[in-house]
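To start, the structure under review is shown below, and the notes come after it.
The values are calculated or read from the model by the stated rules, or taken from the named source; none is laboratory data. A quick note: this is a predicted structure, and the numbers were derived from the prediction, not measured. Virtual Cβ from ideal backbone geometry, glycine too; neighbours counted across all protein chains shown.
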Amino acid sequence: MKPKLHTQILLAMVAGAVIGAALGPRVEAIRIVGDLFIRLLRMVVIPLILASMVSGVVSLGASGRRLGRLGLQTLAYYAATTILAVLVGLILVNIIRPGAGVALPEAAQQTAPDVRPPSWLSVVTDIVPENPLAAMATDQVLSVIFLALLLGVAICTVGDKARPLAAFFEALNAVMLRITGWIMLLAPIGVAALMAHTIGTMGLDAIRGLAAYMLTVLLGLAIHAFITLPLIVGLVGRTRPWRFIRDVFTAVATAFSTSSSAATLPVTMTCLEKNAGLSDKVVGFVVPIGATVNMDGTALYEAVAAMFIAQVYGVDMGISQQVLIMLTATLASIGAAAIPSAGLFTMMIVLQAVGLPVEAVGLILAVDRILDMFRTAVNVWGDACGAAVVNRLQAERGG
Ligand code: ASP
């Protein structure tokens, strides 16, 4: 019997890692296979978000109250879990103090990336697309979500005349999910190639001096992924966490190997609908928003990284400063795009808020790529748990 997809994926990850370790930098040629897998996934993301969100809103009907309730439950879950994640990170970084023994001169030799922190104003104004087609063409996910919500509500209020449009988006959604299903058949090969490339080209010397920092982030992510979220899924979502993680394992592994919640989105939606059996209207509404704004792993990482930098610089962070870190790390994770390394750049907002030099991101640059894989996996796991919780709350209301 052929092993199930999640077993295949697990084997593929291990095989990829072994091949990468054996071949080292020669593994570069395998990159094309991983790149093709990511390109295929990214190809379906925008039409899928548009179609699934419009259909989700339309199937909720014109009732503003139901949509509002779903929206509130979703946002409440996202805010609560992100803040819990940051709290875990802050507690650990205060106990472990990974930056305490790191010498600044040695660390400061790392070169800082030449980028500016994003401005909040542009993040907010860009949500409203000037040109819907341009927004879709340039992967402006938040703008596409905004457009989809508006289209869905408008289709409901127009009624009969807009019925063909509703049917069109429903059909587009089904077709995009079918294509995603085909792409997922390639997931074991894609994931193996991505793992081989990452392991083969990773410089391990960079980890020197940063091991305690990395372990703090990883421990925090593990507590959030294996304790906090399963408790919420079990108690509020009334779903058995271990079974559920098996259902969405392909999505979590894809997130781990691609470091992009956006590229993983089609896989996440398919796992939740097909394996976990969640309602497609809940998944269609909750998950695209989650992939874009709900990043528990990123928020935890940003808080730990900011505290680590403060410790290296010998700056004492009092309670009020740490509350500021908590708030800005939450906001910065919301503002981070769901693509590789996005969290590293929005972290500059956190550094700025507490008066640390933004160039200090240079300190943690060397291990960002590997941490990105873990935090993206936790981000996607958090989105999946959110869908399970909201699905349950909706079912209780008979919705
Ligand atoms: N790569 C992450 C994601 O796509 C964002 C980040 O850099 O933290 O979820």
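Key figures for this structure:
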read-out: Residues of region 347-392 classified as over 14 Å from the mean Cα position of the chain (by Cα) and farther than 20 Å from W242 by Cα, total; value: 24
read-out: Counted residues, region 67-120 - those being modelled with pLDDT of 90 or more and not small (G, A, S); value: 22
read-out: Counted residues, region 259-293 - those being of a type in the set (G, A, S), away from the ligand (no atom under 16 Å from the Cβ) and crowded, with 24+ Cβ neighbours inside 10 Å; value: 1
read-out: Residue in region 45-101 that is surrounded by the most Cβ atoms within 10 Å (Cβ to Cβ), counting only those that are free of Cβ contacts under 8 Å to residues at least 12 places away in the same chain and of a type in the set (V, I, T); value: I91
read-out: Residue, farthest from I223 (Cα to Cα), within region 297-312, restricted to residues that are of a type in the set (G, A, S) and more than 12 Å from the ligand (Cβ to nearest atom); value: A310
